[in-house]
Amino acid sequence: MQMTDAFVAAFKEAHPEAQVQELRLYEVAIPEIDLDLLTGWSALGSGEHFAHLTNAQQNKITLFNTYTQQFLDADVVVIANPLWNLSIPTRLKAWVDTVVVSGTTFRYNEQGEAEGLARGKRVIHLQASGGHFNAQDPACRYIKGVFSFIGCEVDQIVAEGMDHEPDRADDIMAGVFDKIRELARSI
């Protein structure tokens, strides 16, 4: 979160007119794609009226669509996460699912090829890990791949090696904070 805080502070300083919304995934409900969502979407696709869905289906679809729209409305999206077991936290994966929506953020053209529809949007990925991966760990590759797939420009800054080299942790973070501030000011 220190990385996120540094980015947001530098971004606000460079762009005082910008509106910044924070979404802390562990403080809000993030719907996972489950049976309620799948059956609700299926019913809607078959022509069922939204009011006829169960309360659980209505609530989850509404929440899912809210996060999709929030992403669509943003020009810059900052994603910050720790590297957990070579992956991203489950809540982050659930949120990504609300963003990667066929027909909304990507589509398949007449040749069956995927086209990103979120072009012009910038995603800043900030990640911390105890080891050294040079941003080539599965989590960094996933975030870069999925957001590139939907058409976003993706920048990644990683803080790596603090567990591997605890005596250098402060220096590692100082260098990362410099990169973060520079990127925030350049957008």
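The values are calculated or read from the model by the stated rules, or taken from the named source; none is laboratory data. Just so we're clear, the structure is a prediction, and the values are computed from it rather than from any experiment. Reconstructed Cβ throughout: ideal geometry from the backbone, glycine too, with neighbour counts over all protein chains shown. Surface accessibility is based on the protein's heavy atoms, side chains included, excluding ligands, DNA and RNA. Shrake-Rupley method; radii C 1.70, N 1.55, O 1.52, S 1.80 Å.
One table, with the values for the structure above:
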{"item": "Enumerated helices (runs of 4 or more DSSP H) restricted to the stretch 1-118, each holding at least 2 residues that are at pLDDT 95 or above and aromatic (Phe, Trp, Tyr)", "result": "2-14, 55-73"}
{"item": "Conditions (1) closer than 17 Å to Gly151 by Cβ; (2) open to solvent by 20 Å² or more (accessible area, probe 1.4 Å); number of the one not met by Pro82", "result": "(1)"}
{"item": "Subset tally (residues that are under 30 Å from Gln2 (Cα atoms), polar (S, T, N, Q) and in contact with a Ser or Thr (Cβ under 7 Å, 6 or more places away or on another chain)) for the stretch 46-81", "result": "1"}
{"item": "Residue in the stretch 97-110 that is among the small types (Gly, Ala, Ser) and touching a residue at least 24 places away in the same chain (Cβ under 8 Å) present", "result": "no"}
{"item": "Flag for Thr105 being out of contact with any Cys (no Cβ under 8 Å at 6 or more places or on another chain) and either among the aliphatic types (A, V, I, L, M) or open to solvent by less than 50 Å² (accessible area, probe 1.4 Å) (or both)", "result": "yes"}
{"item": "Looking only at the stretch 132-151, and only at residues there that are touching a residue at least 40 places away in the same chain (Cβ under 8 Å) and not in a helix (DSSP H, G or I), the one that is most open to solvent (accessible area, probe 1.4 Å)", "result": "Phe133"}
{"item": "Matching residues in the stretch 1-58 - criterion: being without any contact (Cβ under 8 Å) to a residue 40 or more places away in the chain, open to solvent by 80 Å² or more (accessible area, probe 1.4 Å) and among the aliphatic types (A, V, I, L, M)", "result": "Leu35, Leu38"}
{"item": "Among residues of the stretch 154-187, those that are part of a helix (DSSP H, G or I), open to solvent by 50 Å² or more (accessible area, probe 1.4 Å) and closer than 20 Å to Arg141 by Cα, counted", "result": "1"}
{"item": "Pairs where the first residue, in the stretch 165-177, is closer than 18 Å to Leu126 by Cβ and the second is open to solvent by 30 Å² or more (accessible area, probe 1.4 Å) and at pLDDT below 95, C-beta under 7 Å, 6+ apart", "result": "Ala169/Met162; Ile172/Met162"}
{"item": "The stretch 59-70, subset surrounded by fewer than 14 Cβ atoms within 10 Å (Cβ to Cβ) and among the hydroxyl-bearing types (Ser, Thr, Tyr), residue farthest from Val101 (Cα to Cα)", "result": "Thr62"}
